[in-house]
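Read-outs: derived from the displayed coordinates by stated rules, not from any lab. Computed from a predicted structure; not experimentally measured.
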């Protein structure tokens, strides 16, 4: 992903940060399957080491995992999102970072929960991004990856009344599984669900549990 696109994504999330908090921060209480899968993820890393909420936004996933006893940190491309995550979730470490080039040592994390963070990565860069996630995972480390199901790319110039420039990429589950395998992951399970009415964008969702061998 070139610098212009990276800056566009970060700047777009910077501009919508307060509205994002208002609309999204408490959404997990309306999403029972998400909670169930995050509980499973927390169980898999709790006794092993630090897990990362990758593309953390205001930190709602990190908070949920933390409340379930996992050691957790958060990384986001948007400095404004990181600022809000720190304010809303004291006691959890949040840092600005790019998932294509993380300032993290090899094998640093026991797990990564990447909720809809992969959706801004162009397909040509996707395997590189997943290899970077694999690099920072311990052997046996777990990845929980979520995304919208489809083939389209939705480009927004306006988001909740703010001027932005950001692409949202949709993926097929078998397509994403192929990228993960190319990046060196083993697939454990693929789960799909229909959207929750009146809670979220009305797209089907996929969740993939994968691990670094």
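For the pair residue 191 and residue 151 in one chain, pulling the backbone fully straight at 0.36 nm per residue adds 12.6 nm over the alpha carbon distance. With the contact rule set at Cα under 8 Å and sequence spacing of 6 or more, what percent relative contact order holds for the chain? In percent, rounded to a whole number, it is 19. If you take Rg and Dmax of the Cα atoms in Å from the coordinates, which of (i) 23.8, 83; (ii) 20.2, 62; (iii) 15.8, 44 do you get? So the calculated entry is the one marked (iii). The calculated 222 nm mean residue ellipticity attributable to helices in the chain amounts to -11500 deg cm²/dmol, summing -39500 (n - 2.57) over DSSP H runs of n ≥ 4 and dividing by all residues. Taking 0.36 nm per residue of separation and subtracting the Cα-Cα distance, full extension of the segment from residue 67 to residue 181 would add 37.9 nm. Springs join every pair of Cα atoms under 10 Å in this Gaussian network model of the chain, and among 121, 112, 191 the largest mean-square fluctuation is at 191.
Considering only 137, 156, 126, the mean-square fluctuation computed in a Gaussian network model of the chain, springs between alpha carbons under 10 angstrom, is largest for 156. Both radii are taken from the alpha-carbon atoms of the stretch 54-95; with Rh as the Kirkwood radius, Rg/Rh is 0.92.
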